[in-house]
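A.B. asks: Mind looking over this structure? Questions follow.
We did not get these values from a lab; they are worked out from the coordinates using the rules stated. Quantities reported herein were computed from a predicted structural model and do not represent experimental measurements. Glycine also receives a Cβ, built like all others from the backbone with ideal geometry; neighbour counts cover every protein chain displayed.
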Amino acid sequence: MVQDAFDYLIVGAGFAGSVLAERLASSGKKVLLIDKRKFLGGNSYDYFDKNGVLIHKFGPHYFRTNSDRVFKYLSNFTKWRLYEYRVKASVNGKLYPIPINRETINKFFNKTFKTEEEVKAFLEEKREKIENPKNSEELILSTAGKEIYDAFFKNYTTKQWGVSPKELDSSVCGRIAIRTNDDDRYFTDKHQAMPKDGYNVLFKNMLNNPNITIKLNTDFKKIMKKIKYNKLIFTGCIDSFFDYKFGKLQYRSLKFKINRYNKEFYQNWSQINYPNDPKFTRKIEIKHATGQKINKTTVITEFPRSSGEPLYPIPDEKNKKLYQLYESEAKKLGNTYFIGRLAEYKYLNMDQVVEKALNLFEMIKNE
């Protein structure tokens, strides 16, 4: 067991914990970074499967950001492969661009619109007149109408989250805009890229500092009283920290079915969504994104479920109110910081977590 005294104990070796470990260690602080898993990187962890294909263990992690600060910071630990990923949705045996754009509208409704104005006018006719949409169903109905909602959103969202879109905050379906142009990129962020050698290498480079001690396969509750530290940074599930005193927050997880093929590629796209298949949501062939040159490939099919690794906080009213109870408890603690998707119970992207970690470091430094 670790015997030294540390300035900081950081629980969780994903982006939040690792960025803070690197920043604090680089400022001269002694840091103990622990994780209950046996690998670095949290849900961004990648590895080489038995075919030699680089796989994202917990689903595809396409990095993107509009923040020059975040991109510059991470560039200290990796070279990049520029990649703007594109997604198709399989509906009635045909593939359509996602997010919904002019090509999707033309193909789905058998139209030949050539301008954004034509598409806007068409959607204006289709959309339901709902002022201030209160949930994800109302958001899509008020933006694109019932036909688009039924074909592309309703069943996919229900499968992914385990509840009807009408029970989910509008931010869930609002993450992806309805477009009237032909831009078929999934996101439009300024920086879109993949770590050239993978996320695992990025994290190892980030944490290569003599002031950082790393203990994997380590349970926080079992060691917290056995080591000395001044301050705690917690990136795990906030309800677990408080021993579920108010009840358990709900998360969605995924089951992954892996299929390997002795060919360069299996499908023409990194990601194909299946909105209306009764069980799974999407098939991922990450080789398209990583750019790996190998004459074998791996395709992973994702099946949403309520048990398993906590991947997605569920943004509904019940869980929001429960989280607020834990948040109030967290604020009562001195010298303890909660940060990250699980600790803040927010659907945060990787770059948002990095930005939050950099901001927290600046705050700590100035205290």
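A.B. asks: Under a 10 Å cutoff between Cα atoms, tell me which one of Lys215, Lys88, Lys50 has the largest fluctuation in the Gaussian network model of the chain.
C.D. replies: Largest GNM mean-square fluctuation: Lys50.
A.B. asks: What does the charge add up to near Gln250, with Lys and Arg as +1, Asp and Glu as -1, over the other residues with Cβ less than 13 Å from its Cβ?
C.D. replies: +2
A.B. asks: Any chance you could check the Cα centroid distance between the stretch 135-166 and the stretch 211-239 for me, in angstrom?
C.D. replies: Distance between centres, Cα-based: 40 Å.
A.B. asks: Can I ask one more? With angles folded into 0 to 90 degrees, how steeply does helix 317-331 sit against the dominant principal axis of the chain? Use alpha carbons for both and round to 10.
C.D. replies: Taking the Cα atoms of the chain, the angle to 317-331 is about 20 degrees.
A.B. asks: Of Phe203, Phe48, Phe220, which is the most mobile in a GNM of the chain whose springs link Cα atoms less than 10 angstrom apart?
C.D. replies: Phe48
A.B. asks: Now for a separate question. Neighbouring Cβ atoms within 10 Å as the yardstick, rank His56, His288 fewest first.
C.D. replies: With the fewest neighbours first, His56, His288 line up as His288, His56.
A.B. asks: From the Cα gyration tensor of the stretch 1-150, with a ≥ b ≥ c the square roots of its eigenvalues, which class applies: rounded if a/c is under 1.5, or else prolate if a/b is larger than b/c, or else oblate? If you can, show how the numbers build up before the last one.
C.D. replies: Values: a/c = 2.80, a/b = 2.30, b/c = 1.22.
Note, shape of the stretch 1-150 comes out prolate.
A.B. asks: Note down, for the stretch 198-271, the three equivalent ellipsoid semi-axes (square root of 5 times each alpha carbon gyration tensor eigenvalue), biggest first, whole angstrom. Please report the intermediate quantities before stating the final value.
C.D. replies: Values: eigenvalues 248, 106, 23 Å².
Semi-axes from the Cα gyration tensor: 35, 23, 11 Å.
A.B. asks: Let me ask something else about it. Based on the Kirkwood radius over alpha-carbon pairs, what value in µm²/s does the Stokes-Einstein equation return for the translational diffusion coefficient of the stretch 68-209 at 37 °C and 0.692 mPa s?
C.D. replies: 190
A.B. asks: When the helices in the chain are scored as -39500 (n - 2.57) per DSSP H run of 4 or longer and the sum is shared across all residues, what 222 nm value do you end up with, to the nearest 500 deg cm²/dmol?
C.D. replies: The helix-only estimate for the chain comes to -8500 deg cm²/dmol at 222 nm.
A.B. asks: So, one more: Can you sort Lys320, Lys226 from fewest to most other Cβ atoms within 10 Å of each residue's own Cβ?
C.D. replies: Sorted ascending by nearby Cβ count, the order is Lys226, Lys320.
A.B. asks: Measure nothing but the geometry: give the 0 to 90° angle between the long axis through the Cα atoms of 15-26 and the longest principal axis through the Cα atoms of the chain, rounded to 10°.
C.D. replies: Compared with the principal axis, the helix lies near 40 degrees.
A.B. asks: Something else: Going by average Cβ neighbours within 10 Å, how do the peptides 111-118, 58-65 rank, with the highest at the top?
C.D. replies: Output ranking for 111-118, 58-65: 58-65, 111-118.
A.B. asks: Using only Cα atoms, tell me the angle between helix 350-366 and the longest principal axis of the chain; keep it within 0 to 90° and round to the nearest 10.
C.D. replies: The angle comes out near 30 degrees.
A.B. asks: Looking only at Pro210, Pro195, Pro315, which one moves most when the chain is put into a Gaussian network model with springs between Cα atoms under 10 Å?
C.D. replies: Judging by the Gaussian network model, the answer is Pro210.
A.B. asks: Would you mind listing how long the stretch 96-174 runs along its three principal axes, going by Cα atoms, in whole Å with the largest first?
C.D. replies: Its Cα atoms span 37, 26, 16 Å along the three principal axes.
A.B. asks: Moving to a separate point now. Could you sort the peptides 142-151, 239-248 by per-residue average Cβ neighbour count (10 Å cutoff), highest mean leading?
C.D. replies: Listed from highest to lowest mean packing, they are 142-151, 239-248.
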